[in-house]
Amino acid sequence: MGCAWSSSPSPSPSKREQRAQGYEEPAVLAAETSFTVNEVEALYELYKKLSYSIFKDGLIHKEEFRLALFRTSKGANLFADRVFDLFDLKRNGVIEFGEFVRSLSIFHPKAPESEKTAFAFKLYDLRGTGYIEKEELREMVVALLDESDLCLSDSAVEEIVDNTFSQADSDGDGRIDPKEWQEFVKKNPASLRNMSLPYLQDITTTFPSFVMHSEVEDYTGVSK
């Protein structure tokens, strides 16, 4: 998961003086997450950049989220949209600062594996039924392959889905429940490899160098 960075001028002083909507004190967020106070402060600088990349209202909209993760705000992306929906804890169509930090905390290398496992389950449970159905897994596998610019045949995708279900669906009812998912993850820890972002642990020293230049520049009027 990458993030976009703009080399455009910073927001005007009046905007910089205003706290972003949903702002919470770093000490409060640090106490509730895997981040330190300094890391939360660094995340706030990143949040301000992202939340002013297109709409400039101090909130991260879905288009800005897609731009940050995949360097494009155009067109739907099942993976990006699903992650956005899970970050949007208030279900109001935008991500506030507190939501941003709490959700990103799950990807911190020091975050409990149980939190990563639960988030990954929700990621695949597209319809929110409390189970992962075969079609949901198939849709997400295809979305992840598209996001990675990988092309597999339909038969190869089916093999991935069938193999996953043969291992995870222990009671053979055609769906994976949370307990089965937990057991599957224990036996297949690599299934959570995308649930940790190493740079989050060093964000106070790597920010903003870890952030990639992207099409954000097109929206801020600065050419590449």
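Only the coordinates and a few stated rules stand behind these numbers; no lab work does. The structure displayed is predicted, hence computed values, not measured ones. Here the Cβ is made from the backbone with ideal geometry for all residues, glycine too, and neighbour counts use every protein chain on show.
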Give me E147, E32 ranked fewest to most by other Cβ atoms within 10 Å of their Cβ, as a rough exposure proxy.
-> E32, E147
Neighbourhood charge, 13 Å Cβ-Cβ cut-off, centred on A30 and excluding it, Lys, Arg +1 and Asp, Glu -1 = -3
Run the numbers on segment 62-136 and let me know its relative contact order in percent, using alpha-carbon pairs under 8 Å that are six or more apart.
-> 18
For D125, net neighbour charge (Lys/Arg +1, Asp/Glu -1) across residues whose Cβ lies under 13 Å away = -2
